[in-house]
Structure formats: structure tokens, C-alpha cells
Amino acid sequence: MSMEYKNNPQWWISASGPLLTVALIIGMQLLQETPFRIPNPAPILIVAVVYAGFMGGRWGIGLSLLVSLGYIAVYLSGAGRLFNYTVEAERRLLVLCITLPLIAWIVGSLRKQLGRKVDALARMNEQLQATLLLTSNARDLICAIDADGYLVEVNDAWQRLLGYERDELLERPFLEFLFKEDWEESQRAAQSIMQGVELHGFENRYVHKNGGLVDISWSVHWSAADQLLIGVGRNITDLKSIQRRLHESEQRYRSLFDFHPDAVYSYDLDGKFLSGNAAVERITGHRVESAEGQSFLPVVVGADRERVTTLVKLAMQGCPQNYDMAGYRPDGSRFYVNVTNLPIVVDGEIVGVFGIAKDIAARMQAEAELKSAQKRLAQSEKLASVGQLASGMAHEINNPLGYVNSNLTVLSRHSNKLLQLLDAYRGIEVQLDPNLTSSKRLQAVKAGIDVNYVRADLVEVVADAREGIGRVSKIVQSLKDFSRLERQSRYVPADLHQALDSTLSMAMNEIRYRADVVKMYGVLPMVECVIGEISQVFMNLLVNAAQAMEIHGTITIRTQQCGDTVQITISDTGSGIAVEDIGRIFDPFFTTKPVGQGTGLGLAISYGIIQKHGGSIDLVSELGKGSSFTVTLPVLASLRGQDEAVTGTVASTATKLATAS
């Protein structure tokens, strides 16, 4: 019940104190059988003021004030003798009568304020009880921790989540229930909160009574008035478990993604790169970080760009696509990939494209080599009969050639004798008598024959015939050498100058009408090689040099020894090679010749042959001024080349014939 005086209608409660005091004094006088006197006002006033102040009743204060006023009136009227008071006592009584009402008012005011505080505490207690009732049923942990880190209040959720009774938790440091590895971080967090920083979502781990760990997410604030940390914690153990499993799953996916041998990537509907694994950089040469947000189209080789754009748009429309394409690396070289593009669908809507690109450079190289091998194999069948034909032709031509050459030798010898005889006759002719019949007949015969012309022409005719027979013999010898070279498959010491001369004889028909040949031979040792394959390289370089001549030019052949190697340089004054084509000149099927005039295999095969021999082939060219190929070979054969010589001979010969033709 409220104790404020304004709410107390029972005035007699406040007035009962002084009245009972007066009655008690009169009663004591009657019991003592003393003469009746008016009671001393001092105790009456004291009791009235104290009781009235304690009860807070205005009626008690009013009564005490009325009594005081009465006594003051008695004092002023001089009736103090009725109380047997001395003058000094009357003065003290006067002061008491004046001050006691004031004291009663002060005590009443204090009681009023005290009553209000008591009412407020009562209401707070009611609210606290209601709050405790709510928090006891809450699923989250609720606690109050003092500045020293001790738990001063917890709700029932602590028992449900951690298994501890309330008495086991209160007045104990919260660190005792915390997982030790989280002590330091939790203490730092508590200090920050006590400095005025509110903390939300702070996570730590508590130890369940059975020893297990419980993950808690806290929202904590510092109550400066109460000097308490007020915290609300939510059990996130299941959530953390899900997060850990999700993280492990993501790590497994990331490992599969990053270590996949193929390039795995994604881009949005605008064709801008979103993400990629490490294989993207390994295959394409482009860094994933720098490619993010960039369009993929500039990477695609121009010839493939329109086709790839169409196929990507189809993938964005929900149609998976698989295709081969070529792209540029940052250094300008090309990469070749087989691409599979799939649409990325989120909530039934296509938001991008997911792709896998497989490096097919090795496959394309294998396909190119297979095509090259197929072409060489097709030519090898011709080679078998051509080789036999060359050998047979050389043999068949050589037999009648021997007769002709022998007869020309005899003819030359006999004609010389006849010319000697003719000269002798001419010396005798001047001594004959012109009038003789025989002299006249001789003059008639001479008149029909230009003896001087016939004599000079006979010598030239025989010389030309012998020169022609020599050339035919040289061709026959080249055919023999050719047939022998094709049968050779092992590294043997060989004379490269002889090989160059023999190759020139074979290619002269191609060269004769296009260029003059200048030989600048140095001194070369015998070089261990498969001479048939090296001759094939010479054939390819010489024929290419001749075909590069737009007008009659010059082919220069230089040879020299450089330590343990020899160098053969074949230069021409032809049209030269463009700078952008020099890097691809040795690629299979690449040619600068018009369509139908080159297979694009000659230099590729030559490069392979020289590499197999442990050497190198280099090109220096200037457009419009000519080209210069330098072949460098070791004097001693490479052991690696010996194992490959047999397999390369037949196919390389076929390519030689195809190039020479």
C-alpha cells in the first residue's frame, strides 16, 4: 500500500499518536494520585512530530502545529504558571513550539521522498520479476557479469545449453566455463566493451558440463550505472557445423577447380571474364587477376572471332556448345583449345556461361605430324619405284653412253689424223702443175667444199659432242648417287661439298633459268651424318631460293668450319620474307608461295632433320632484298640421331622429290 500522506484518507491515524500520548500522561497522573495538571507539552509535541513525520500524515502535522500555537498563546498570555514553569523553561518551550512544526514538516517531506523511492523500487521489483520470468523461458543465454568478470545473474538457458545449475554458475568467473583457447580474445573483447564499445556477433566457445564445446555468438553492452556487462548469447553450434561442412565442401571444390588440368572459367552475359583457375594462365598465358572484368573476344584469333561469338551467344541462350578455337597469348604466340561452354542458371534464369577449355596444342601437333607422315608415306610408295627406276635408268643409259663416249673418243682421234693428212695434202697441192688434169679435178672438188670451215667445224662438233656426253655422264652419276643416298640410313662420315654439288646437279633444271650459282667453299672436314637427309635439306633450300627469284638473281653457297661445327649458308637475292612470317616459317603447312605451289612441309621437315642431327637452322631475311639460311651441324654425329635415322629416311626422301618437282 502506498504510504504517501496525500493518499491516506484516515486522518485519525496521524492524530492518534499525540492523543494517545496525552491520555497516557493523564492516566499516569491518576494512578499516582497526584493533583491534576495540564500535561507537559514537550513530550506531546515530540511524539506528535515524530509520529506525524514517520506516518507522513498531514493531520498529525496539523495537530502538532495547532498544539504548538496553543502553547504559544498560553505563553504570551502569561498562563505559564499553570505548568509550574520557570521563565527559562517557558522560553525553551516557546522555542520548541516554534521549531518543532518546522521539523515535522521536514521529516514529512523526507518521508514523502522516501515513500516515492520505495514505490519506485517496488515497481522495479515487479518489472524485474516479469523480466526474469521472460528470460527464464528464453532460448538465448542471458547473463550479467561484474567488472571483475564474475557471473552475477544468468537465465535458465544456461542450464539447458551448458548443463550447469544456476548455483554452479553464479559468483564464479565466466572464464572458468570458457574454452581456454578463447580466453585471451574474450578478455580483450570484454575490456573494449567496458570502454564503451558495443559488441555484436562476437563468437567464442564454452565448455559443456559433459566436456563438449558449444559455439556462442554474443551481443554485449556495458551498463555504467550498474557496472555490469549485460550479454545475450545465441547457440550457433549447429550453424558453425554447417559452416565448417560448407567450408570443407568449398575447399574440395576449390581444390578440384584449381588443380584441374583444363582451364575452367566463367563470364557474364556481356562476355566479361568473371573467374578462372590456375590452368587458365598456364594454357593462355593471361593472368586471371588482370583478365577479370575484361572481354574474352580480343584474345580470340581474328579468323575465329565471328564463329566463336556466334557459338557463345548460343550458349547464353541455353544451348551447350563444343568447338575448337585459337587464341593469342600476351607475347603474341598462339594457343589452341577445345572449348565446352554451358549456361549458368540461377533460379531458372541464365546469368552467365561456365566453360572448360582443354589444351589441344599437342593434339594439333600430332595431327599435323600425322598429315605430314601421310603425305610422306603417299610419296614413299612412289619413291620405291622411282628409286629403282633411277638405278635402272642410270644402268641402261650408262651402257649406250659408253659406246657413244668410246666412239667419240675414236672419232676424235681419227679426225685429228685425217686433219693432219689434209694439212699434208694441202702442202703438196701447191707443188702440183695446175694444168694437169688431176690438179684441175682437185680444184673442182675444193670449189664445192669450204675446206677451212669444215676443218674448223669438225673440231668444234667433236668437242661439243664430248662435252654433251660428259654432261650426260654427270647426270647418270647423280642418279647413281641419288639411289645410293636413299638406301643409306646410318650416320657415316660424308663430304658435304660433294653432297652440295650432287644436289645442285639434280636441281639445276630448276635453278638454271632463275639464278646464277656462286660457290664460296671453305675447308670442311668429313661430317658424320645421314647424308641423304642432309642432301634433302640442301635440295629444299636451293629450290626455295630459286623459286624466290622474281627476276634473274644470284644464289650464293658459303661453307666454313667453326670449331666442332660446320656452317653451310645458302643466300639468295629474291623477294625476302615479311617480318611477321619469319616466326612461322618452320611451322608445318605454312608457306609464302601461292596456293598450289607449295605444301608448307619442306622447311618444317628440314628443321626436324637438322634438329635430329643436333644442329640448328637460322634465317635472316629482309623483304625485297633476299634471304639467308644458315645450317649448323656438329662434326661428330649425335647418338640420339642414330636411333631416328632409319625411321625418317623413306619419308624424308619422298618430301625431297615432291619439293624438287
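Numbers for the structure displayed
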item: Pick from the stretch 284-305, criterion aliphatic (A, V, I, L, M) and more than 12 Å from ALA326 (Cβ to Cβ), ranking: farthest from the chain's Cα centre (by Cα); result: LEU297
item: Scan of the stretch 189-224 for residues that are over 15 Å from TYR164 (Cβ atoms), of a type in the set (A, V, I, L, M) and in contact (Cβ under 8 Å) with a residue 12 or more places away in the chain, ordered by number; result: ALA189, ALA190, ILE193, MET194, LEU199, VAL220
item: Test: residue in the stretch 484-495 that is more than 30 Å from LEU411 (Cα to Cα), at pLDDT below 80, buried (at least 19 other Cβ atoms within 10 Å of the Cβ) and not basic (Lys, Arg); result: yes
item: Of all residues in the stretch 581-592 being modelled with pLDDT of 65 or more and more than 16 Å from LYS625 (Cα to Cα), the one that is most open to solvent (accessible area, probe 1.4 Å); result: ARG584
item: Candidate set: the stretch 198-208, residues that are more than 39 Å from the chain's Cα centre (by Cα) and surrounded by 16 or more Cβ atoms within 10 Å (Cβ to Cβ); chosen: the one nearest to ALA147 (Cα to Cα); result: TYR206
item: Residue under evaluation GLY293, criteria (1) open to solvent by 80 Å² or more (accessible area, probe 1.4 Å); (2) at positive phi, criterion not met; result: (1)
item: Test for ALA465: is it within 30 Å of VAL631 (Cβ to Cβ), part of a helix (DSSP H, G or I) and at pLDDT 75 or above; result: no
item: Residue in the stretch 526-542 that is of a type outside the set (A, V, I, L, M) and surrounded by fewer than 18 Cβ atoms within 10 Å (Cβ to Cβ) present; result: no
item: Members of the stretch 184-209 found to be modelled with pLDDT under 90, of a type in the set (A, V, I, L, M) and assigned to a strand (DSSP E or B), listed by number; result: LEU199
item: Residues of the stretch 256-277 that turn out to be under 14 Å from ILE356 (Cβ atoms) and either touching a strand residue (DSSP E or B) at 6+ places or on another chain (Cβ under 6 Å) or surrounded by 15 or more Cβ atoms within 10 Å (Cβ to Cβ) (or both), as a count; result: 10
item: Subset of the stretch 325-358 (residues that are touching a Phe, Trp or Tyr at 6+ places or on another chain (Cβ under 7 Å) and farther than 15 Å from SER266 by Cα); result: ALA326, GLY327, ARG329, ARG334
item: Listing of strands (runs of 3 or more DSSP E) fully contained in the stretch 502-568 that carry 3 or more residues being touching a residue at least 40 places away in the same chain (Cβ under 8 Å); result: 527-529, 553-562
item: Single residue of the stretch 296-321 satisfying the filter (in a loop (DSSP other than H, G, I, E, B) and closer than 17 Å to VAL264 by Cα) that is least open to solvent (accessible area, probe 1.4 Å); result: PHE296
item: Test result for GLU644, over 38 Å from the mean Cα position of the chain (by Cα), acidic (Asp, Glu), open to solvent by 50 Å² or more (accessible area, probe 1.4 Å) and at pLDDT 75 or above; result: no
item: Of residues in the stretch 209-234 being open to solvent by 70 Å² or more (accessible area, probe 1.4 Å) and not acidic (Asp, Glu), the one farthest from the chain's Cα centre (by Cα); result: ALA225
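The values are calculated or read from the model by the stated rules, or taken from the named source; none is laboratory data. Quick caveat, the model's predicted, so the values are computed rather than measured. Here the Cβ is made from the backbone with ideal geometry for all residues, glycine too, and neighbour counts use every protein chain on show. The protein model used for the area step is the full one, side chains on, heavy atoms only, and it has no ligands, DNA or RNA in it. Shrake-Rupley method; radii C 1.70, N 1.55, O 1.52, S 1.80 Å.
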